[in-house]
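Notes to accompany the following structure.
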Amino acid sequence: MGIKDKVVVVMGASSGIGEATTRILAEKGAKLVLAARREDNLKKIKESLPDAQIVYRKADVSDYDEVQKVIDLAITEYGQVDVLFNNAGIMPTSPLAEAKRDEWQKMLDINVMGVLNGIAAALPKMVEQKSGHIISTDSVAGHVVYPDSAVYCGTKFAVRAIMEGLRQEQRENNIKSTIISPGAVQTELYKTISDKKVSDDLHQAQKEWGLSAEDIAQAVAYVIDTPERVSVSDMIIRPTLQSM
């Protein structure tokens, strides 16, 4: 089927990887449903792509009801859901000794429950269709653990486990499961780190040798474009200069 006319829901679509993916998929003729907390950004993206098939809705992925309404919008507008891209995430890293429990909870709510909410909302329709593809943005931090990021790494390890469970449970329904694990990428993720020095250092690294959001978006487009018999389950994409 390729990408043209596939119905793709992009959560966390308002900037960075989500926006870049939207633009690439729009060029390839996908029918898009965009969601994020920043509705103004979604409106601007839609207006900048006047020839694309795009609808959008404001949604917080930590709120299941809001995620369900996004999937309902896709079904109302297009009749089906071919792909769900769980892309929303935050990274407020800090040492465990600082006990930033509020930040830990937000990471769990968005990075883990956000993925689960997307699966819970989209999977019943995909099972009914006997087809579908769920993609989640993971991280190199879902494969290795490093200091001052234990909770963030924990959320990304959890996404790996959840998505592998999804693959095993739903393969006979012809439902694909993919995690894409980027290294450093030039996105706004650094803004979710409350320690200014750590945030600034990460931002500088992203600018100097990080991947572009378009690099990851191309990978998303690639896995969507694979034949029905092909399922890319796990993809790690690092900047060439990244050590971890």
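The values are calculated or read from the model by the stated rules, or taken from the named source; none is laboratory data. Model, not experiment: these values are computed from the prediction. So basically every Cβ, Gly included, is an ideal-geometry build from the backbone, and we count neighbours across all protein chains shown. The area values use the complete protein model at the heavy-atom level, side chains included, leaving out ligands, DNA and RNA. Shrake-Rupley method; radii C 1.70, N 1.55, O 1.52, S 1.80 Å.
Helix 113-129 axis versus longest C-alpha principal axis of the chain: approximately 20°, rounded to the nearest ten.
Here the accessible area is traced with a 1.4 Å probe on the protein chains. For the chain, carbon and sulfur cover 49 percent of it. Here log10 I(q)/I(0) by the Debye sum over Cα atoms at q = 0.13, 0.17 Å⁻¹ was calculated from the structure, and among (i) -0.74, -1.31; (ii) -0.94, -1.17; (iii) -0.82, -1.35 it sits at label (i). Accessible area per residue for the chain, computed on protein heavy atoms with a 1.4 Å probe, is 47 Å². Positive-end ranking of Ile75, Ala88, Leu241 along the dipole of the chain, with charges on Cβ about the Cα centre, is headed by Ile75. Angle check, please: helix 16-27 long axis (alpha carbons) against the longest principal axis of the chain (alpha carbons), in degrees 0 to 90, nearest 10. Once rounded, one gets 20 degrees. Relative to the longest principal axis of the Cα atoms of the chain, the long axis of helix 39-48 makes an angle of roughly 60 degrees.
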